[in-house]
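A.B. asks: Take a look at this one; I'll ask things after.
The values are calculated or read from the model by the stated rules, or taken from the named source; none is laboratory data. What you are looking at is a predicted structure, and each value in this text was computed from that prediction instead of being measured. Because the Cβ atoms are built from the backbone with ideal geometry, glycine has one as well, and the counts that use them run over all protein chains shown.
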Amino acid sequence: MIVGIIDVGSNTIRLSIYKTEQKKITLLLHKKTMAGLIGFVKNGEMCQKGIRRACEVLCLYQHILSNFEIDEIYVFATASLRNITNTEEAVAAIYQLTGLRVEVLSGIEEAELDFFGAVHDAELTEGILIDIGGGSTELVPFQDGKMLQAMSIPVGSLAMYRKYVKKLLPKEKECTDIRKAVAKQLEDLSFLEGTHYPVICGVGGTIRATGKLYNDRFELDVQNKEMKAGGIRKVLEELSGTGRETCDKILQIVPDRVHILKPGMVILETLMDAFQSEQVVISRYGVREGYLLKKMKV
């Protein structure tokens, strides 16, 4: 069976088309659109222009799915619609304009699906899963291949950019403000304090983009999925400037993330420090695959 999954995120809206056979899933096509929905949120509410923007992308994806004659379609939203005050209104408007029903995941549900998808792909049995999205970051410590807890904190690459960064690239003071914001959120997760997680299972756009910069910096194969914490810090250090040279480095590798990559990497570095992590292993799978596997009841 061929299935379409649409992930409505705070920064991007993604379409993934999968072939499913028994308990196996194969990605056939992936497309993403930088919608920046968090930028349409005013005083906690998504404006009508933001809702229309989401519908424009969803209609485009509907057209693609229709051309492939794919009728099995699932649509879900994460922090983009979860962290607004008019969630029900937005979901109803999207349905009225597109005919698509959007399931809004809670932070815990998103974290659980991240883990469900990642462990289906990765061979890790112990560590902490981290998914740095545009509007939130999901954390899932696991042991013996089993999830210990699932949680979500309201810090994401785009959210931190909008809150703390005045120009295109963050200054050192702005990076410090982002670090403090992440540390403050971790204070509420006191049970994690002092916990040592040598290995991070990395999920999501920020960590994948970091992996591309890492592989380029250290001249590694593009398929490499493992990063040393010290190497990540080195890459971030080399992006410390705010001028043209730093901007060009990002534009050459991940141009669509030129404004949000550094805020996302600062979040990652802060979490690595908090958990005394030594390595990040990037998983190919995440929340979309977890969502699909759950629908398949694997």
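A.B. asks: Check whether at least one residue in the stretch 258-281 is β-branched (Val, Ile, Thr), surrounded by fewer than 22 Cβ atoms within 10 Å (Cβ to Cβ), free of Cβ contacts under 8 Å to residues at least 60 places away in the same chain and assigned to a loop (DSSP other than H, G, I, E, B), and report yes or no.
C.D. replies: No, the stretch 258-281 contains no residue that is β-branched (Val, Ile, Thr), surrounded by fewer than 22 Cβ atoms within 10 Å (Cβ to Cβ), free of Cβ contacts under 8 Å to residues at least 60 places away in the same chain and assigned to a loop (DSSP other than H, G, I, E, B).
A.B. asks: Here's another thing I want to ask about it. Out of all the residues in the stretch 161-181, which are among the β-branched types (Val, Ile, Thr) and out of contact with any Asp or Glu (no Cβ under 9 Å at 6 or more places or on another chain)?
C.D. replies: Thr176, Ile178
A.B. asks: Still on this structure, please answer the following. Applying the selection to the stretch 94-106, what residues are surrounded by fewer than 18 Cβ atoms within 10 Å (Cβ to Cβ) and over 17 Å from Tyr61 (Cα atoms)?
C.D. replies: Answer for the stretch 94-106, where residues must be surrounded by fewer than 18 Cβ atoms within 10 Å (Cβ to Cβ) and over 17 Å from Tyr61 (Cα atoms): just Ser106.
A.B. asks: Taking the stretch 69-82 as the search range and keeping residues that are modelled with pLDDT of 95 or more and part of a loop (DSSP other than H, G, I, E, B), which one is surrounded by the most Cβ atoms within 10 Å (Cβ to Cβ)?
C.D. replies: Thr78
A.B. asks: Could you count how many residues in the stretch 121-135 are surrounded by fewer than 19 Cβ atoms within 10 Å (Cβ to Cβ) and either aromatic (Phe, Trp, Tyr) or touching a residue at least 60 places away in the same chain (Cβ under 8 Å) (or both)?
C.D. replies: Residues flagged as surrounded by fewer than 19 Cβ atoms within 10 Å (Cβ to Cβ) and either aromatic (Phe, Trp, Tyr) or touching a residue at least 60 places away in the same chain (Cβ under 8 Å) (or both) within the stretch 121-135 amount to 3.
A.B. asks: Here's another thing I want to ask about it. Filtering the stretch 244-298 down to residues that are at pLDDT 95 or above and aromatic (Phe, Trp, Tyr), which residue is nearest to Gly134 (Cα to Cα)?
C.D. replies: Checking each candidate, the answer is Tyr291.
A.B. asks: Within the stretch 232-246, which residues are buried (at least 17 other Cβ atoms within 10 Å of the Cβ) and part of a helix (DSSP H, G or I)?
C.D. replies: Passing the criteria: Ile232, Val235, Leu236, Thr246.
A.B. asks: Something else about it: When residues of the stretch 161-182 are filtered for being part of a helix (DSSP H, G or I), out of contact with any helix residue (DSSP H, G or I) (no Cβ under 8 Å at 6 or more places or on another chain) and over 17 Å from Gly135 (Cα atoms), how many remain?
C.D. replies: Residues flagged as part of a helix (DSSP H, G or I), out of contact with any helix residue (DSSP H, G or I) (no Cβ under 8 Å at 6 or more places or on another chain) and over 17 Å from Gly135 (Cα atoms) within the stretch 161-182 amount to 3.
A.B. asks: Okay, moving on. Restrict the check to the stretch 193-208 and report whether at least one residue is part of a loop (DSSP other than H, G, I, E, B) and at positive phi.
C.D. replies: Yes, the stretch 193-208 contains a residue that is part of a loop (DSSP other than H, G, I, E, B) and at positive phi.
A.B. asks: Another one. If I ask for residues that are of a type in the set (D, E, K, R) and either exposed (fewer than 11 other Cβ atoms within 10 Å of the Cβ) or touching a residue at least 24 places away in the same chain (Cβ under 8 Å) (or both), which ones from the stretch 181-198 would you list?
C.D. replies: Those that are of a type in the set (D, E, K, R) and either exposed (fewer than 11 other Cβ atoms within 10 Å of the Cβ) or touching a residue at least 24 places away in the same chain (Cβ under 8 Å) (or both): Glu187, Asp188, Glu193.
A.B. asks: Taking the stretch 13-71, which residues are over 18 Å from Val3 (Cβ atoms) and among the hydroxyl-bearing types (Ser, Thr, Tyr)?
C.D. replies: Matches in the stretch 13-71: Thr33 only.
A.B. asks: Quick check on my filter: what residues within the stretch 141-152 are part of a strand (DSSP E or B) and either among the aromatic types (Phe, Trp, Tyr) or free of Cβ contacts under 8 Å to residues at least 40 places away in the same chain (or both)?
C.D. replies: Residues satisfying the conditions are Phe142, Gln143, Lys146, Met147.
A.B. asks: Can you pull out every residue in the stretch 199-230 that is under 15 Å from Leu271 (Cα atoms), surrounded by 15 or more Cβ atoms within 10 Å (Cβ to Cβ) and out of contact with any Gly (no Cβ under 7 Å at 6 or more places or on another chain)?
C.D. replies: Within the stretch 199-230, Gly202, Ile207, Thr210, Ala229 qualify.
A.B. asks: Mind listing whichever residues of the stretch 104-138 are of a type in the set (Asp, Glu) and outside any helix (DSSP H, G or I)?
C.D. replies: Glu123, Glu126, Asp131, Glu138 - these are the residues of the stretch 104-138 that are of a type in the set (Asp, Glu) and outside any helix (DSSP H, G or I).
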